[in-house]
Amino acid sequence: MNISAKYDPSSVEDKWYAYWLKNKFFHSEPNDKEPYTIVIPPPNVTGVLHMGHMLNNTIQDVLVRRARMKGKNACWVPGTDHASIATEAKVVAKLKAEGIEKSSLTREEFLQHAWAWREKHGGIILEQLKKLGASCDWERTKFTMDEPLSRAVINTFVYFYKKGLIYRGVRMVNWDPEGLTAVSDEEVIHKETRSKLYYLRYYLSENGRKSDKYIVIATTRPETIMADAAVCINPADGRYHYLKGKKILIPLLNKEIPVIEDDYVTMDFGTGCLKVTPAHDVNDYEIGLRHNLPVLDIIDEHGRLNEKAVILVGEERFAARKKIVEMLREQGYMEKEEDYLSQVGYSERTNAVIEPRLSLQWFLKMDELAAKALKVVEDGEIKLIPDKFRNTYRHWMENVRDWCISRQLWWGQRIPAYYLPDGRFVVEPTLDEAFEAARKIMPEIRREDLRQDEDVLDTWFSSWLWPISVFDPEKPGFPDREPNRELAYYYPTNDLITAPEILFFWVARMIMAGEEFTGRIPFSNVYLTGIVRDKFGRKMSKQLGNSPDPIELMKEYGADGVRVGMLLCTTAGNDIMFDKSQVEQGRNFANKIWNAYRLIQGWEVGPESRQNEYQKCAVDWFESRLNKCIEEMDANFAKFRLSDSLMALYKLFWDDFCAWYLELAKPSFGEKIDSITYGATVKFFDALLKLLHPYMPFITEELWQNLEARKEGETIMFSEMPSCKGYDPELLEDFEHAQQIVMNVRNIRQSKGIASKERLSLYCKENYRSKMNAAVLKLANIDEISARKSFDDCSMGADFMVSTYEFFIPLNTHVNAGEEIEKINKEIEYLEKFLKGVNAKLSNEKFVANAPESVVAMERKKQSDAQTKIENLKNRLCKLIKD
RNA sequence: GGGAGCAUAGCUCAGUUGGUUUAGAGCAUCUGCCUUACAAGCAGAGGGUCGGGGGUUCGACUCCCUCUGCUCCCACCA
C-alpha cells in the first residue's frame, strides 16, 4: 500500500465505494434480525447537492452505519421528490430559453419535455451522495412519481374523498401570478416591503350623485378600488356614526357602495375607515361573508386587471397602481400619500408578489388528522430532537387550517376527479372506474364526455406517504389491507433526519398518513438539523455566493474530512456556522489516523523482544481508557449528541492513543517490537477504526483492510462495533497523575532550557504510590523516581505538585529564586482565598445541616487538600528564601 | 401583535433533576521545536466570573422576575 506521509483520499474513496456497491453491502432484505430503517428526506429531483444535504445525509449515514455494526439489519431508502412547482418552473424556464412557451404546448407535450428533463438531470443529486459515502440501499431508489407511488397518491385522494374529508370549495388562496398556481400559506414568504399608503377621498352619495362631503380612506392598493364592495367602520367609532345607512361613491367610477359596521376595523389605524374588497384581500373576504357583500373579481390569473375593472383593463397590477394614482391625483381624490413599510407576501418559488385570489380548489379537512398527530408527539411516542420543537409543533397542530391540495400545474399527480358535462363529478382512481360511476348518475354518458380535473396535487400530498409507499405502495388508501412483507418488516422506521422548516409540511403530515393508513406512527425519533450558515451567520445562498460546492470541497479535503468538519460543530436543532477551517480540521484528523497507521505498520515483531515495563503500563492503561471512552460515546449517542460523541473519539485517538499510548508503545529506534505489545496495539487500532467508521467510512475501510490480511468480501462495515467491557478507575487516575508529572517535567525543561535528551532524576514524597511510574520514566526521560521523607536536604532544583503530591527535580542549574518566589506567593494567595470560601461554607451551620453528606464531605476534602497545598508551598517558600 | 428559543473564553459550542466545576472542549492565539508516523505535526503557555440588574436558597452558569440584544415560528391592520 502507498505509505506517503500525507493521506490522499482521492485514491481511496472511489475504490471502496465501488467495492461496497459490488458486494451489495448496502442492500437490505427482510430477515430474522432487528431492522433499523431510515427513509431519506427525498431531495428535489432537479436538485443539486448543497451543504444542507451534506449535513443531513452525513448524519443519516452515521446512524445507519452504526446500526449496521451493532448487528441490526440496516436499511436506508433513497429517492427523489418530483417537487411539482420547482421542477415545473425549471422546465418552463428551460423551454423558454429554447424559445418554446409553455402555453404553446399541450399537457402531454409538456409532460414529455418534463420527463426528458428528469431523465437527464434527475438524480444527479443521488450520484453526488455517493461521493459522500452514503450507504443507501440504491436498489430501493424511489421517485415520488414512479407509477406505483403515484397510484398510491391517487388512491389516497379517492380514499379521503369518499371518507368526506376532501371537498371542493371557493377559497381565497395565495395566487402566484407568475407560476400561475395557488401556493400554500407555508410557501409564502413575508418580506418587509417599502410601499405607500394612499389616503383617498370617498365622497358621500346623494341619491347616486356626488355630494361635497367625503371621508378619507387609507389604502396600499388603490388599483383595487373598483372591486370595493363596502366601506367599513367600527360600530364603536363615534366619529363615523353619521355614516350609518349612508351610501358612498367609489372614486373615478362613482359607483355606489354601502357603509357597514364591523369590529374588525381598528379605529386608530389609518383613518378608521376601511374599504372592503372581498375579492382581493383575505380579511375583506371574510368581512364580505359576514355581511353578504357581492364579490367582484377584477384581477385575472396573470395579475392583470380584467374587464370587470371597467378602467385600466388589461393593465398589470403594479402598472395599474401607478396609473390610477395619477388619475386619482388629477381628479382631486388624493388627500395625501405616506411612505409605508409593510409585510408583503412573496412566492417562495418565483418571488412574485402573492395575489390573494378567489378560486375553486380542493381541500383536505385537517382537524381530525391533526388531533391524532398531535397526540403521539405530546405523549412522547414520537420524540422530537431537540424537544423544544414540541412547543412549535403543538402550536401549529392546534391552529391548523384545511389543506389546499390542488395546484394549477401539470407536473404531478393529476386529481382523479372526472366532470360530467353538466358539471357534476365523480372521483375514482381510473377513467374506467370513473366511467362506471358516472353511468350510474347519467346512464347515457359516453366515455369521451368525461373531462378530468386539470389540476395536480400538492407535492406534499405525495411525500406524506413516503415512509409507507417506498415499501408498500398498495397500502395508502387502504387501512384494512394487510401490509406486504416489506412494510411489515421495515415499518415503522426508526429515525427521521430533517430540517425544522418542514416539520409541518412534511413531518406532521407523514404522521397523519401513517396513523390513518397503518394505524402506527411512521418513525420514533425526529432529529432536526439546523440551517447551514456561513461563518458570518448568513444563510448560504446562490445570490451571496457563500456556499461552497460540496463536490469541490470533498475533492479538496476528502469526504471523510468534510463529514468530520460538519459533524464536529453540529448539535440538533442549532444552525451550524460553517467554515472551511472545520473541514481542514477533519482533513487533518484523517491525516493523523493515516500516520498513526504508518507508524504501526512499520513495526517489526522480534521473536526475542520482550515487553518493557512502560509498554505494559501503556497497554493496561489504554485498555481502560478505550472502554471508558466507548461508554461515553454510547451515552452521547443515546441522546443523539453526535458531535460530542465524535469529539470524545477524536480526543481519544489524537491525545490518548497517539500522544500517549503510541509514544509509550513504540519500540526504541532501530529495535523490534515484542509480540504482546504489537498484538495489543493492533487490537486497539482495530477497535478505534471500528469506532471511527460511521463518521469516516473511507479511511477506516482502507486501513482496516490493510491492518490484517482480509478475504475478498470482508468489510469493516459489518464488523462488530466495540462495546464497553469495563475499566479500572484507579488505573486511569494513576495514569492521569503520571501525565501531569510528565507535563510538569517538560515544562521545567522548557523554562530552564534543558534538552529533552538530558536525563533527569525525580524525587517524590514517600506517600506517592503509582502503578504508572515506568511511563513517567520513559516519557519524561527520568532515570529513576526515588521516594524521600523530605526534600530539605536538596539544594538546587525545581519542585512541583500534582494533586497534593510533591515532587522535586535536582538540577545543577540555579532556579530563578525571585521568579519562583513570586509564582509561589501568587499560588498561595489564590489558594488562601479559595480556602476562605470553603471555610465559610463549612462554618455555616445551615450548610452543614442542609447539604447532602457527600457535598459536605467534598467540601472537607477541598479544605484539607487546600491546607496541605498551602503548607507545602510555604515550606518551599522558606527553603527558597533560605537558599 | 401572539408564541418559542438563544445570550458561557477571539470563534464554534458543552455544562444533563442547583452542590465532586476553584466553569470545560475543539479551533484560533502566543512560545519553543523539521525529535527517526505525522509542520495537515510535536512540546508547552495564556485566555472567560457565565449579556445587565434584582430575587429565591446554606449554596445559582443552572430556578424566578426584569431590562438589553439576537434568532425562529405564527398572524398579517387596510
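The values are calculated or read from the model by the stated rules, or taken from the named source; none is laboratory data. Just so it is clear, the model here is predicted, and its values are computed rather than measured. Here the Cβ is made from the backbone with ideal geometry for all residues, glycine too, and neighbour counts use every protein chain on show. Note: accessible area is taken over every heavy atom of the protein model, side chains too, but ligands, DNA and RNA are not part of it. Shrake-Rupley method; radii C 1.70, N 1.55, O 1.52, S 1.80 Å.
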#### Entry: Cut-off 12 Å between beta-carbons: net charge of the residues surrounding A:R424, Lys and Arg +1, Asp and Glu -1
+1
### Task
Sticking with the crude label model, points 7 Å out along Cα→Cβ, report the distance from A:E378 to A:Q863 in nm, one decimal please.
5.3
### Summary
Of the residues A:A229, A:T529, A:F800, the Cα lying farthest along the dipole of chain A towards its positive end, which is defined by charges on the beta carbon of Lys, Arg, Asp and Glu, belongs to A:F800
### Task
Please name which of A:N546, A:T498, A:S104 has its Cα lying farthest along the dipole of chain A towards the positive end, using unit charges on Cβ (Lys, Arg +1; Asp, Glu -1) and the Cα centre as origin.
A:N546
### Loop trypsin sites (Lys or Arg not before Pro), the range A:407-485 (other Cβ atoms within 10 Å of the site Cβ: 11 or fewer; DSSP)
A:R424, A:R446
### Query
Taking +1 at the Cβ of each Lys and Arg and -1 at the Cβ of each Asp and Glu, which of A:P722, A:W115, A:A774 sits farthest along the dipole of chain A towards its positive end, judged by Cα position relative to the Cα centre?
A:A774
### Task
In nm, give the distance between the simple-model label positions of A:E613 and A:I441, each being 7 Å from the Cα along the Cα-to-Cβ direction.
9.6
### Query
Efficiency by 1/(1 + (r/R0)^6): what FRET value for A:C878 and A:W654, r their Cβ-Cβ distance, R0 = 56 Å, to the nearest 0.05?
0.85
### Query
Ignoring ligands, DNA and RNA, how do A:D263, A:D402 rank by accessible area with a 1.4 Å probe, largest first?
A:D263, A:D402
### Task
Work out, step by step, the length gained on full extension between A:A709 and A:A236: first 0.36 nm times the residue separation, then minus their alpha carbon distance; give nm to one decimal.
161.4 nm
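Indicate the helices, whole DSSP H runs only, in chain A that combine a mean Kyte-Doolittle hydropathy of -1.0 or more with a Cα extent along their long axis of 20 angstrom or more.
On the way: long enough: A:51-69 (27 Å, -0.20); A:107-121 (21 Å, -1.66); A:147-162 (22 Å, 0.19); A:580-601 (31 Å, -0.97); A:613-638 (38 Å, -0.63); A:675-692 (25 Å, 0.99); A:729-752 (34 Å, -0.77); A:817-843 (37 Å, -0.55); A:853-882 (43 Å, -0.86).
Answer set is A:51-69, A:147-162, A:580-601, A:613-638, A:675-692, A:729-752, A:817-843, A:853-882.
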### Query
Please identify the GluC sites (Glu not before Pro) of the range A:81-121 that satisfy two criteria: DSSP loop assignment and at most 10 other Cβ atoms within 10 Å. Which are they?
A:E98, A:E101
### Task
In debye, nearest 20, what is the charge dipole magnitude of the range A:375-415 about its Cα centre with +1 on Lys and Arg Cβ and -1 on Asp and Glu Cβ, if you could check?
220
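Charges only on Cβ, +1 for Lys and Arg, -1 for Asp and Glu: so what's the dipole of the range A:764-883 about the Cα centre, in debye to the nearest 20?
On the way: 20 positive and 19 negative charges, 83 e Å.
Rounded to the nearest 20 debye, it is 400 debye.
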### In the range A:494-631, lysine pairs closer than 18 Å at Cα, eight or more apart or cross-chain
4
### Query
If the cut-off is a Cα-Cα distance under 26 Å, which lysines reach A:K162, setting aside same-chain residues fewer than 8 apart in sequence?
A:K365, A:K372, A:K375, A:K440, A:K475
### Message
If you take every DSSP beta bridge fully contained in the range A:742-883, what fraction is antiparallel? Give it as a percent rounded to 5.
### Response
60
#### Entry: Gain on full stretching of the segment that runs from A:S790 to A:N207 - 0.36 nm per residue minus C-alpha separation
198.3 nm
### Query
So, with +1 on the Cβ of K and R and -1 on the Cβ of D and E, and no other charges, what is the size of the charge dipole of chain A about its Cα centre, to the nearest 20 debye?
1120
### Query
Reachable aspartates and glutamates from A:K6, Cα under 15 Å, same-chain residues fewer than 8 places away excluded?
A:E556, A:D560, A:E584, A:E702
### Query
Restricting attention to the range A:212-309, which GluC sites (Glu not before Pro) occupy a DSSP loop and are surrounded by at most 16 other Cβ atoms within 10 Å?
A:E301
### Task
Per DSSP H run of n ≥ 4, the term is -39500 (n - 2.57); total these for chain A, divide by its residue number, and report the mean residue ellipticity at 222 nm rounded to 500 deg cm²/dmol.
-13500 deg cm²/dmol
#### Entry: Accessible surface of A:I124 - all protein chains present, 1.4 Å probe, nearest 10 Å²
70
## Note on the structure
If each K or R counts +1 and each D or E counts -1, the residues other than A:E206 whose Cβ falls under 13 Å of its Cβ total +3
### Task
Could you let me know the centre-to-centre spacing of the range A:796-836 and the range A:318-395, using Cα atoms, in angstrom?
69
### Query
Which whole-angstrom value gives the distance between the alpha carbon centres of the range A:427-495 and the range A:653-695?
59
### Summary
In nanometres, the difference between 0.36 nm per residue of separation and the alpha-carbon distance of A:K336 and A:I3 is 111.9 nm
### Query
What is the antiparallel percent of DSSP beta bridges lying wholly in chain A, to the nearest 5?
70
### Message
Could you tell me the center-to-center distance, by alpha carbons, between the range A:540-586 and the range A:713-772 in angstrom?
### Response
34
